[in-house]
Amino acid sequence: MSSVPATTSHAGIDSVLNEDRVFPPPETFAKSAHIKSFDEYKRIYQQSIENPEQFWAGIASELKWIKPWSKVLEWNPPYARWFEGGQLNVAENCLDRQIALGRGDKVAIVWEGEPVKSDLSAGEVRKITYSQLADAVNRFANGLKAQGIRRGDRVTIYMPMVPEAVVAMLACARIGATHSVIFGGFASHAILDRVEDARSHYVITADGGNRRGSIVPLKANVDEALKQTSLVKKVIVLKHTGNEINMEAGRDIWWSDVIAGQSADCPPEPMESEDLLFILYTSGSTGKPKGIMHSTAGFLVGTYITTKYVFDLHEDDLYWCTADIGWITGHSYVVYGPLANGATVFMYEGAPNFPDFGRFWSMIQRHKITILYTAPTAIRAFMRAGREIPDKYDLSSLRLLGTVGEPINPEAWMWYQQVIGDGRCPIVDTWWQTETGAIMISPLPGAIATKPGTATLPFFGIEPAVVDRDGNELPTNKGGLLVVRKPWPSMLRGILNDPDRYVRQYWSEVKDCYFTGDGARRDNDGYFWLMGRVDDVINVAGHRLGTAEIESALVAHDAVAEAAVVPMPHEIKGTGIAAFVTLEAGRKPSEELKKELINWVGQQIGPIAKPDQIRFAEALPKTRSGKIMRRLLKELAHDGEVRGDITTLEDLNVLAKLRQQEE
Ligand code: PRX
């Protein structure tokens, strides 16, 4: 990695990362891509920005409408209404429309369970065609109605990664119920909070899920949560792991009994464009989860078209997004976007390292997966486990790789490109948020040259900018606030039960713009480099440093596997830099290594960015979606105490160990 020796101070965020490797789209890839050249991208982008309503209406008209819209956009800032007057059904678009297009016998879902056979060869595999999926959805939708669930009701889904989770979501969409999916890794109090906030009377769950060789007691977690509330009238339980569970008479009913005798014909409910499709809770910086609301038409339009172009989806692809359906990535890019395109979606139930770190690569080899979309945190874990593991597998079916969720450091990007992609596959680093619903900034793989560590350029119809607090656009290479200037169809419609927070958090920080909460800069080519959450910016002696860049420098050292950088109180500078570091397998923590790492960052970035403290850790506290919980580390670095909400923390032991180290 090349480096910039020093930084200059200004009103924005100092940028200290310099990366100049460029990877143009491979010629053969570009030839058969939907968008084949940079000129084509530029032309369509230009048109989409000059006339966004015309652009989005063109995309929307590719979908199946029950009644056409009368107005494309009604914009009363900060409230947008898209495709006003139109009616459609999302499940109809994902199922009936695909069957009508001739995809009835095409496989919609290839699923593999986590438990492996005794010879470790593979797990249970299920293949479900579009016709079979439509039947399952319709039967279950009729079953939901028979249980008293109506249009507009809120249904909580707390399921393992099994095809029935997709069936449950689509069945809700079919009858016009709003789903609220809770990630299966969350514990009972997270269920309670979310059921109460959504005032949800119905829960769909399973006896258990398989995760890293053990059973996650999903039903028991639901029981525990429901002890504290009388809101829930019915709990529908899928039998999956077969572990013993408690069934409460009158409240709990087996999935198989819900569908027994139900017809496979359930007419799609005509939904208004702006009707709620789902609520999804995301943790805010204060720790109180926010129920992000997404609409029917806008969400479908956004996920449909981004899936098609960003993943350059073709009829014979086997597409795998590794996210759990409990996250927005699972909603947009496991379920709605791919199915609206008639794709074959691969789904895996369990952990990436079960029974070992070869699991992903073994599944790619066996199923011939062509597109892999995963998170930088997973890539770094694979890097740490060593390239000899993926090297044992045939990954030649892959043609495109994607990442999402956090900035990907150039080292991990290069490893992904070379070790997994064999230097052949373009990488799409996709920037977006739960709130944006769909990908906002990303390379189009046949058209836009990539550079390791940047999400590159905006998607059609999206107008992001890097600005100061007054909304003035900053010059090239100056870090600032990432905003979006115009509304887009898949944007959030608000925060459930907290309309003020919607205005305050997203629409008040920078005048007339949607504020993302992220810091970014644009380089000479106009590419967007994400610098982490603005809350994570560290102000050291007047220099505002993005944590992502210091972390990236640390990870570039060959002893370091992962790093998280947070501010800490410092006697002289006011604020200093604390770095939590996990080491590569075989490397030992030592005082010498601490010094070496501090000097390394100094050489890579400049003296200003040198950490004041290095703390070695066995693991970093992360959310189950793989995001490092800097808020906790910040509290630890501050005074050794953690106060905030830790419901989204993946492994509580990590925190306990970090605390012990403190003592
Ligand atoms: O900080 C950005 C980071 O993840 C945030 C959104 O998180 P969430 O709502 O959980 O959605 C994750 C899946 C879309 C963003 O504000 N982020 C996401 N993708 C990237 C990223 N940061 C840098 N590069 C990305 N590609």
Placing +1 at every Lys and Arg Cβ and -1 at every Asp and Glu Cβ, with all other atoms neutral, what dipole size does segment 73-215 have around its Cα centre, in debye to the nearest 20? 180 debye
Can you give the net charge of the other residues whose Cβ lies under 12 Å from the Cβ of Phe29, counting K and R as +1 and D and E as -1? +2
Pop the C-beta distance of Asp535 and Asp265 into the FRET formula with R0 = 60 Å and round what comes out to the nearest 0.05. 0.75
So what's the gap between the Cα centers of segment 316-374 and segment 24-56, to the nearest angstrom? 26 Å
Let me check I've understood the local charge: for Ala561, count other residues with C-beta under 12 angstrom from its C-beta, Lys and Arg +1, Asp and Glu -1. What total comes out? -3
Provide the per residue accessible area, probe 1.4 Å, for the chain, rounded to a whole number of square angstrom. 37 Å²
With charges set only on the Cβ (+1 for Lys and Arg, -1 for Asp and Glu), what does the dipole of the chain come to about its Cα centre, in debye to the nearest 20? 600 debye
I want to verify the translational diffusion coefficient of the chain in µm²/s; compute it with Stokes-Einstein, Rh as the Kirkwood radius over Cα pairs, at 25 °C and 0.890 mPa s. 97 µm²/s
How large is log10 of I(q)/I(0) for segment 205-358 at q = 0.10, 0.12, 0.17, 0.21 Å⁻¹ when the intensity is taken from the Debye formula with one equal scatterer per alpha-carbon? -0.52, -0.76, -1.39, -1.37
Selected from Ala122, Gly102, Ser590, residue furthest toward positive end of dipole (the chain; charges at beta carbon): Gly102
At R0 = 51 Å, FRET efficiency that the Cβ-Cβ distance of Ser230 and Gln418 yields, to 0.05: 0.35
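What does the net charge come to around Asn246 if you take all other residues with beta carbon closer than 11 Å to its beta carbon, with K and R at +1 and D and E at -1?
On the way: positive: Lys219, Arg251; negative: Asp207, Asp223, Glu224, Glu244, Glu248, Asp252.
Taking every Cβ under 11 Å from that of Asn246, the sum is -4.
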Gyration tensor verdict on segment 120-160 (Cα atoms; rounded if a/c is under 1.5, prolate if a/b is larger than b/c, oblate otherwise): oblate
Expressed in nanometres to one decimal, the distance between label points 7 Å along Cα→Cβ at Lys239 and Arg21 is 5.3 nm
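Past the 22 Å Cα-Cα mark, which pairs from Lys478/Lys622; Lys610/Lys634; Lys290/Lys451?
Working: Lys478/Lys622 30 Å; Lys610/Lys634 17 Å; Lys290/Lys451 34 Å.
Checking Cα-Cα distances, Lys478/Lys622; Lys290/Lys451 exceed 22 Å.
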How far apart, in nm, are two points set 7 Å out from the Cα along the Cα-to-Cβ line at Arg150 and at Phe357? 5.5 nm
Compactness index (Cα Rg / 2.2 N^0.38 Å), segment 52-141: 1.58
Give me the distance in nm between label points sitting 7 Å out from Cα along the Cα-to-Cβ direction at Ser256 and Tyr393, one decimal. 3.3 nm
Value at 222 nm in deg cm²/dmol, rounded to 500, when DSSP H runs of n ≥ 4 in the chain each add -39,500 (n - 2.57): -8000 deg cm²/dmol
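By the gyration tensor of its Cα atoms, with a ≥ b ≥ c the square roots of the eigenvalues, what is the shape of segment 270-376: rounded for a/c under 1.5, prolate for a/b over b/c, or oblate? Please list the in-between numbers first.
Details: a/c = 2.75, a/b = 1.33, b/c = 2.07.
Cα axes put segment 270-376 in the oblate bin.
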Quick check: the angle from helix 163-175's long axis to the longest principal axis of the chain, C-alpha only, nearest 10 degrees? 60 degrees
Mind jotting down a quarter of the surface of the convex hull over the alpha carbons of segment 63-313, in square nanometres, one decimal? 15.8 nm²
If you fit an axis through the alpha-carbon atoms of helix 188-198 and take the longest principal axis of the Cα set of the chain, what angle between them do you get, 0 to 90°, nearest 10? 70 degrees
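Magnitude of the Cβ-charge dipole of segment 63-313, K/R +1 and D/E -1, about the Cα centre, nearest 20 debye?
Values: 29 positive and 28 negative charges, 60 e Å.
In total the dipole reaches around 280 debye.
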Positive dipole terminus of segment 63-313, leading residue within Ile245, Phe83, Pro160 (C-beta point charges): Phe83
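The values are calculated or read from the model by the stated rules, or taken from the named source; none is laboratory data. Model, not experiment: these values are computed from the prediction. Backbone-built Cβ (ideal geometry, glycine too); neighbour counts: all protein chains shown. Ligands, DNA and RNA are excluded from the accessible area calculation, which covers all protein heavy atoms including side chains. Shrake-Rupley method; radii C 1.70, N 1.55, O 1.52, S 1.80 Å.
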